[in-house]
Amino acid sequence: MAVRFFHWLDESISRKIGGLSTVLLTFILALVLYSIVQLREISQEIQELAQIDVPVSELAAEIEVLQLEQHILMERLHYELRLSDEKNFQSQKLMQEKFADYSVRLKDNIHALTRLIKDGLEQGKIVKEVPAHQAVIAAFAQFETARDEFHHNASKVLQNDAHLVSEQEWQELEKQDQALDQHSLKVLREIESITADISAQAEEHERRFYYVNTGLGISAFIIGINVTLLIIISFRRRMRHINSQIDNLYKSITGKQDAINADELSPQGRDELAKLAKDINRLMSQYSEAVVHRDGIEEALIRQATTDNLTGAHNRYKWDEAAKALLVKTKSGITSSIILLDIDNFKNINDQHGHNVGDKVLQNLVNDINELIRQSDLVFRMGGEEFTVLLQGCDLQKAAAIAENIRAELQVAPRNEIPQFTASFGVTELRSHDSLESLLERADKALYQAKAQGKNQVCIASND
Ligand SMILES: Nc1nc2c(ncn2[C@@H]2O[C@H](COP(=O)(O)OP(=O)(O)OP(=O)(O)O)[C@@H](O)[C@H]2O)c(=O)[nH]1
């Protein structure tokens, strides 16, 4: 479940919002449905109370009162009959009429009450305590039968002359009357109990409605807040990731950082932000490749622009740049020297062995020099068969020794496809006031001297 939830966090933004809305709407729908059911039940209970049980209770209370009044009337009649005079006889007549009136009213009330309950049951207005309501109808039917019997007996007694009514007959009648009192009271209590039960049920439903609705409302709120927070956190995580990618891209473009390894920033998730992060990653990887490619091309171009194609030595253009830099260093006290060398009788080699062999001689010369100098020293082809060697941090004596070493090696080095050859050397130290021209001029003079003195030798530039 938790895994599914976190998987869902990676979904697209619209799916996330859709999911969140579905959860909340389902919750709210459940809340509304529950509320409708509860409210219908409460409304039914209140309707039943208002339309049936309260009127039934009132009728039952009236029946009870009539029954009691009838009882009191019987007591009075009994008392007055004992006096047995004319006046009492008249009173007896009056009471007979009243008694008849009570009977009619009692019957009417019983019928009204019974009809009310029966109609309620038939029309579906009574859904609570159905058996109890049916029991009330049965109890009143019994009450009516007992009351009819009492009425019949009482009418017989009252129609007789007062002297002829025995004490035993009176007591019998009173007993029946008391039984009717108790019966009506009992049914009244039952009706009250039904009313109280339904009221209690309605209250219970109201209470439950209140608690469940409050609980569900609070739960929906908490779920909503938590899910929203989780979505915000997941968005922020993605945004941080994207920001860091853009930051890296920016640094990489501005050269503050090397090309980025896109795999290190591999984004997770399937939403729009993750897609954006993936696109940026792809862009970065393409950019990195482009940077590597561009660096390669740049390097090749620079090499091409600064290297002599035939020999692999640096070219004249590079000489200018390197010699200028070394002259600047010379001004700050660093001693450096150069060797200017030229192959002896190179024209003869070309003429005798061909231009290709001449080329190989040039290549051999550069290879031999490179083997005899330090890595920090640089060889330049100045043109034709003339070369310079730039010796940084090297004074005149050391430079002359290196030149002599090269000269001697060239002379004895075994050659396979090319003829033996020699070279002449002019050596000079860089001076703080030197320009490129003055430096080369001095070296050239020394070289010229070496050539003039018979070639295959090293000459050091004079101090003038
Ligand atoms: N094979 C080949 N020959 C070249 C190249 N550049 C210049 N040369 C030749 O080098 C020769 C230079 O001849 P010169 O200037 O007379 O010099 P040299 O014959 O060495 O005579 P000295 O310098 O006095 O010893 C010319 O014949 C050029 O054609 C090159 O790249 N390849």
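Readers should treat all values here as calculations from the given coordinates under stated rules, not as data from a laboratory. Being a predicted model, the structure only gives us computed values, none of them experimental. Every residue, glycine among them, receives a Cβ derived from its backbone with ideal geometry; neighbour counts consider all protein chains shown.
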Proxy reagent accessibility, fewest Cβ within 10 Å first, across 360, 398: 398, 360
Cα→Cβ-extended label distance, 7 Å offset, between residue 229 and residue 43, nm: 3.9
Around residue 362: net Lys/Arg minus Asp/Glu count, Cβ-Cβ under 14 Å: -4
Proximal lysines to residue 360, defined as alpha-carbon separation beneath 30 angstrom and excluding residues fewer than eight positions away on the same chain: 318, 347, 398, 445, 451, 455
Antiparallel bridge percentage (DSSP; both residues within the chain; nearest 5): 85
Amide H partners (placed H, <5 Å) of residue 456, local residues excluded: 423, 424
Förster-model FRET efficiency, 30 Å R0, residue 368 and residue 320, C-beta, rounded to 0.05: 0.75
Debye, to nearest 20: dipole size of the chain, +1 on Lys, Arg Cβ, -1 on Asp, Glu Cβ: 3100
Inter-label distance, nm, simple model (7 Å from Cα along the C-beta direction), residue 310/residue 294: 3.7
Kyte-Doolittle mean at least -0.5 and Cα axial length at least 27 Å: DSSP H helices in the chain: 13-48, 54-83, 130-159, 167-253, 272-306
Amide H partners (placed H, <5 Å) of residue 430, local residues excluded: 336, 337, 338
Net charge over other residues, Cβ less than 15 angstrom from the Cβ of residue 371 (K, R count +1; D, E count -1): 0
